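Coordinate-derived values only; no laboratory data. Bear in mind that the values here come from a model prediction, so they are computed numbers and not experimental data. Virtual Cβ from ideal backbone geometry, glycine too; neighbours counted across all protein chains shown.
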Amino acid sequence: MSSIPAQTNEASVIAPPKKYPVNSAMEVVQKVAKTLGTFTIEFDHIPWGTAYYKEHGRYVEENVLEVLSRYYVSLFGFVGAPDVLDHISLWGLLLSIGGPLQLYANVRPVRTFPGTRSRLRDAEEGNIDWLLVRENSEDLGIATEVAIFTYVGTERIMRFAFSAAQARPRKLLTVVTKSNSMRNGMVLRDEVALKVSKGFPDVKRDKMLVNAMTVRMVNNPKSLDTVVGTNLHLDIISDLAAALAGSLGVAPSSNLDLTRESPSLFELVHDSAFDIIGKGVSNPVATIVMEAVENVCSAEVLTKDLRGTAKAKDVTKAVCDELAELASRKK
């Protein structure tokens, strides 16, 4: 695949048009572009999804990679339906994109926003402010049901995780493992983490078994900062992290190719939520994290999942209004 031109201003949206919360993200980005006047962006909707699958017998076009390579970045909405088995929709769409494009770093920041409350009774403000780094090209559920870990795949995600931890104030990285029982692949990961750590002497590293990690997240959340682990382990842990922070609706997710050879893919951590589709109550925060969102949360413009009463469109409008207000203050 050829490199993506650095100055392109086109993004693909893999979701039905006019659907929240993806529509909220587009509306806010366009507001930012209009307010700043320093860039423009155009969104193209790609209709891949369950409706496309039911009509064509497949979730994506045969030239899926060629289609996505035309864009600088992609925004993934949701996929699935109650009458389609989960493994069909997952393998048919999201995994058919991420693997071939080598979007190997799945980065999931999680924190409690001002004006919201953690689900942990004893958690204080700032206790949950985590950066979760999930390896996105190996392990179970990517190519086989036998867990496979390579040195190359492990080394590059560890190096990325150490760099990410180094860029954060606490410079702390927790490596999640299960090397007590998985004595080959997981031991390899532990050894690679130790080797890579020598190049980052200012980053403090610790190691946690995945089962003990869940306990630590609940009992001592402030002891964590940046976390790295396998695809399977971090898939589970990131959902727990978002729930502890207040709601799955506040957790964004990026699938990155650090070489910039392929377009990165951004999405929400939470699933399709069939029970609230079409009601306009889904939380758009995970797609539009920024200063304006913090201010809106502080003003308690919150959706139902955060114990509020606002609709998705109310939150989106409040964020757009706040963007305009912030811009006027800085002129």
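Among Val215, Val133, Val296, the residue with the largest mean-square fluctuation in a Gaussian network model of the chain, with springs joining Cα atoms closer than 10 Å, is Val215. Computed over the chain with a Gaussian network model linking Cα atoms closer than 10 Å, the most mobile of Pro201, Pro252, Pro114 is Pro201. Between Phe76 and Ile14, Phe266, Glu267, the built amide H atoms are under 5 Å apart, and every one of these is 5 or more places off in sequence or on another chain. Of the cross-linked pairs Lys204/Lys304; Lys34/Lys311; Lys178/Lys198, those separated by over 27 Å at the C-alpha level are Lys204/Lys304.
Other residues lying with their Cβ under 12 Å from the Cβ of Ser96 contribute a combined charge of -1, Lys and Arg counting +1, Asp and Glu -1.
Sequentially through segment 45-56, phi angles give Karplus couplings (6.51, -1.76, 1.60; θ = phi - 60°) of 7, 10, x, 6, x, 5, 4, 5, 4, 5, 8, 10 Hz, Gly and Pro residues having no value and appearing as x.
Before rounding to the nearest 500, sum -39500 (n - 2.57) across all DSSP H runs of length at least 4 in the chain and divide by the residue total; then give [θ] at 222 nm in deg cm²/dmol.
Working: 11 runs with 115 residues, N = 331.
That calculation yields -10500 deg cm²/dmol at 222 nm.
Taking K and R as +1 and D and E as -1, what net charge do the other residues with C-beta under 13 Å from the C-beta of Leu302 add up to? With Lys, Arg at +1 and Asp, Glu at -1, the neighbours total 0. Under 5 Å between amide hydrogens, built in the peptide plane, is the criterion, and for Thr177 it picks out Met208, Leu209, Val210 among residues at least 5 positions away or on other chains.
The spacing between segment 291-317 and segment 59-107, judged by their C-alpha centroids, is 29 Å. Of the residues Lys207, Lys198, Lys178, the one that moves most in a GNM of the chain with alpha-carbon contacts below 10 Å is Lys198.
Just subtract the alpha-carbon distance of Asn211 and Met182 from 0.36 nm times their residue separation and send over the number in nm, one decimal.
Numbers: separation 29, 0.36 × 29 = 10.44 nm, distance 1.32 nm.
Gain on stretching Asn211 to Met182: 9.1 nm.
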